[in-house]
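Worksheet: one structure, shown below.
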Amino acid sequence: MTHVYCPECGFRSPATANYCPRCGALLATETGSETTMSFDVDAAGEEADAAEGAVGIKGPALVVRSGGGMAGQSFRPADGRTLIGRSPECDVFLDDVTVSRQHAELVREGDTFTIRDLGSLNGTYVNRRRIESAVLEDDDEMQIGKYRLTFRQR
């Protein structure tokens, strides 16, 4: 059975529904257009901590712990702004419908790194708390869509 997701609240409804059973919003089915799918953070299963394999990384990095078959991959933040999202033009490309095209940005000012959500559907989480903006510390866990990443500063 196929489903549609409410553009207002993200509720998953049968494809035959015209209105969201949760909030009553019109469920417009888009053809040929790619949208971000809703994702429940609490429903994400715990996977093996691949960040432990990245202990040899020197300097600041984002290490993917789980999600999308990318566990163990690391990304070095650029000086200034590092864009994170589903768009291939992003510095950190997370290819999954639970990630917005331009989901978040990591801003570097000296030795301080700040993560900012860019109005994403599923939000950005740091240490399991939804944030608009947060200063990252070493070993902080971020969640972007179904991806879990660890921030390493050492």
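The values are calculated or read from the model by the stated rules, or taken from the named source; none is laboratory data. Quick caveat, the model's predicted, so the values are computed rather than measured. Protein only, heavy atoms only, side chains kept; ligands, DNA and RNA dropped before computing areas. Shrake-Rupley method; radii C 1.70, N 1.55, O 1.52, S 1.80 Å.
Any chance you could look up the accessible area of Leu118 with a 1.4 Å probe, heavy atoms only, rounded to 10 Å²?
70
Taking 0.36 nm per residue of separation and subtracting the Cα-Cα distance, what length does fully extending Asn127 through Ser87 add?
Contour length minus the Cα-Cα distance gives 11.9 nm.
For Leu118, enumerate residues with amide H under 5 Å from its amide H, sequence gap 5+ or separate chain, H modeled in the peptide plane.
Answer set, sorted by chain and number: Ala104, Glu105.
Determine the shape class of the range 96-144: with a ≥ b ≥ c the square roots of the Cα gyration tensor eigenvalues, call it rounded for a/c under 1.5, and otherwise prolate if a/b is greater than b/c, oblate otherwise.
In terms of gyration-tensor shape, prolate.
Would you kindly compute the Cα radius of gyration of the range 51-152 and its largest Cα-Cα separation (Dmax), both in Å?
In order Rg, Dmax, the Cα atoms of the range 51-152 give 12.1, 34 Å.
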